[in-house]
1. Between A69, A82, which is out of contact with any Gly (no Cβ under 8 Å at 6 or more places or on another chain) and open to solvent by less than 60 Å² (accessible area, probe 1.4 Å)?
Amino acid sequence: MKRTIKFLLSAMSALAVLCIAGVAFAQDESAAALVASAKAGTGGWIAMAAGLGVGIAAFGGALGQGKAAATALDGIARNPGAADKIRGPMILGLALIESLVIYALIVAFLLLGKIG
């Protein structure tokens, strides 16, 4: 029962934030001038975010791939007859983990394109 209440409270809070976000980020004409002047100093922050994002993604991907490979090799060591059944899904999982890191790299390049 408590889990349901916690979930409903979390969902309602998220819904309230999403509904209010449009009003909170609305700008008038004077705010647009402030944004234009503040945008000039954001290039360094964008570069830092891009580099940090790729670093975190590479670290997480390396941890995930290491754990997947270790678990697969442990399973093969315990049951060598199941090596063919384990190898295919492991390679698929490693490819999907690596694709997430590549997506982070693409997002970083898109962020770097915003500097200027």
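The values are calculated or read from the model by the stated rules, or taken from the named source; none is laboratory data. These numbers were taken from a predicted model, which means no experiment stands behind them. All Cβ positions, even for glycine, are placed from backbone atoms using ideal geometry, and neighbour counts span all protein chains on display. Please note that ligands, DNA and RNA were not included when accessible areas were found on the heavy atoms of the full protein model with its side chains. Shrake-Rupley method; radii C 1.70, N 1.55, O 1.52, S 1.80 Å.
1. A69
Residues checked against (1) at pLDDT 70 or above; (2) of a type in the set (S, T, N, Q); (3) closer than 27 Å to L110 by Cα:
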position	(1), (2), (3)
R3	yes, no, no
L9	yes, no, no
A32	no, no, yes
A40	no, no, yes
A58	yes, no, yes
